[in-house]
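Take a look at the structure below.
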There are 2 protein chains.
Amino acid sequence: MPRVGLTRERLVEAGCDLADREGFAVLTLAELARMFEVKLASLYSHVRNSDDLKAGVALRALDLLADRADEAVAGRAGKEALVALAEVHRHFAGEHPGLFEAARFPLSAEQAVGSGGARLARAMLAALRGYGLAEADQVHAVRLLGSFFLGFSLLELGGSFAHSQPEPDLSWQRGLDALDLTLKSWTTT
Amino acid sequence: MPRVGLTRERLVEAGCDLADREGFAVLTLAELARMFEVKLASLYSHVRNSDDLKAGVALRALDLLADRADEAVAGRAGKEALVALAEVHRHFAGEHPGLFEAARFPLSAEQAVGSGGARLARAMLAALRGYGLAEADQVHAVRLLGSFFLGFSLLELGGSFAHSQPEPDLSWQRGLDALDLTLKSWTTT
DNA sequence: CCGCAAAACCTAATGGTAGTAGGATAGAAA
DNA sequence: TTTCTATCCTACTACCATTAGGTTTTGCGG
């Protein structure tokens, strides 16, 4: 039989596609084996176990998100940077629901340190630079923004806004306006 | 053999306990059958399938959360109401991580309409009453608050704040201060 | 008190996912 | 050409979910 040429890389890559197409819950070693027309047991030479694969997909998702965040923040400041960063989150959630879910897969501390998560936080800090916050307040602001981005995207994706007027877009806009105002008038404690 | 006296009620009840003790992922029909010392197949007389049970737990979680929200908002207004409502969310997430996760289990439209989710939204609206927002802005404010509460709780629970100073409590405080200010100075479009 | 019907619970089977142990082999290097 | 090793396989165990259809308990009407 001809060898397919499996690789951890290829598995994670295919896992990303699969998660995005069918949802993170469908991301299973068995499904991946079917896609490569290979027996399930064969995958264990390249991947420690199911969670290992999912962690790989999660790390890739975080990296992709961080890439976009870096790009969005570059050359912008103030509200423009804030909005660009926000759109990155919401669009990513909308276009890659599987990866967006994967990005919240629990990672070990070692996996987390070098991940895109840290880079994402740095991009947020950079986006805030224009607001001139005190050093000590920057973390709080990052957490506020991160919470809103994540929460809103999740609720929208989960359909929580589906059965109440008006369009989520408007709420998103108003939310960003409000956050911008908050950051501009941030009072140091 | 003596009959255990299974009921959909008792199953959902036990499911809530189990989810809270061991996590929502452990909530499985097989585990429940073991707890009641009953064969797995026996559960299907009381519950349509695994998702049906999880939906039951989810609805109960939403109800519980809505109960606490109603209680927190009653007799309070303005920032006091806002903070009380916020604490309900964060404490609920901290004390009942399993139920908190369950509350985000995807529900069908029919299940969702009469659920605690709607009541929760009403409690939020009530909490906002003191800020005197225009009718059209209230939804946006509710969505802003809901997003922050959810996002922050998730990030904290997921350990995203664990490896950066300072304590999440302070960020939470500052975030609520910021939201309070935002609501007070909300400008109608 | 008795019989019977519905409810409660069971046995038995199927099929899907995860994971381990150990064997066969393709393909490259010696 | 021979040998070696990564690659992939067979064969198994152990979970969970679900359905079909059988048996026993229980309580209610007679």
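Computed values, structure above
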{"item": "Contacts under 6 angstrom Cβ, first residue in segment B:118-132 being under 13 Å from B:V88 (Cβ atoms), partner small (G, A, S), 6 or more apart", "result": "B:R119/B:A66; B:L120/B:A66; B:L120/B:A69; B:A123/B:A69; B:A127/B:A81"}
{"item": "Matching option when the condition is near DNA strand C (Cβ under 8 Å from one of its atoms) and closer than 22 Å to A:F105 by Cβ, among A:L11, A:L18, A:L40", "result": "A:L40"}
{"item": "Positions within segment A:168-178 being surrounded by 22 or more Cβ atoms within 10 Å (Cβ to Cβ) and at the interface with chain B (Cβ under 8 Å from one of its Cβ atoms), in sequence order", "result": "A:S171, A:G175, A:A178"}
{"item": "Flag if A:T182 is over 30 Å from A:L53 (Cα atoms), of a type in the set (V, I, T), at pLDDT below 95 and assigned to a helix (DSSP H, G or I)", "result": "yes"}
{"item": "Which listed residue is out of contact with any Lys or Arg (no Cβ under 8 Å at 6 or more places or on another chain), among the β-branched types (V, I, T), away from DNA strand C (no atom under 16 Å from the Cβ) and under 30 Å from A:L150 (Cα atoms), from A:V26, A:V73", "result": "A:V73"}
{"item": "Residue, farthest from B:M124 (Cα to Cα), within segment B:30-73, restricted to residues that are basic (K, R) and either within 13 Å of DNA strand D (Cβ to nearest atom) or within 14 Å of another protein chain (Cβ to nearest Cβ) (or both)", "result": "B:K39"}
{"item": "Members of segment A:115-167 that are surrounded by fewer than 20 Cβ atoms within 10 Å (Cβ to Cβ), more than 7 Å from chain B (Cβ to nearest Cβ) and in contact with a Pro (Cβ under 7 Å, 6 or more places away or on another chain)", "result": "A:L157"}
{"item": "Hits in segment A:64-96 (condition: in contact with a Phe, Trp or Tyr (Cβ under 8 Å, 6 or more places away or on another chain) and more than 30 Å from A:K184 (Cβ to Cβ))", "result": "A:L64"}
{"item": "Any hit, segment B:93-101, residues being within 14 Å of another protein chain (Cβ to nearest Cβ), within 16 Å of DNA strand D (Cβ to nearest atom), surrounded by fewer than 17 Cβ atoms within 10 Å (Cβ to Cβ) and not aliphatic (A, V, I, L, M)", "result": "no"}
{"item": "Test result for B:A77, within 14 Å of chain A (Cβ to nearest Cβ) and more than 16 Å from DNA strand D (Cβ to nearest atom)", "result": "no"}
{"item": "Flag for B:S50 being surrounded by fewer than 20 Cβ atoms within 10 Å (Cβ to Cβ), within 16 Å of DNA strand C (Cβ to nearest atom) and within 22 Å of the chain's Cα centre (by Cα)", "result": "yes"}
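The values are calculated or read from the model by the stated rules, or taken from the named source; none is laboratory data. Please read all numbers here as calculations on a predicted model, not as lab measurements. Every residue, glycine as well, gets a Cβ built from its backbone with ideal geometry; the counts of neighbours run over all protein chains shown.
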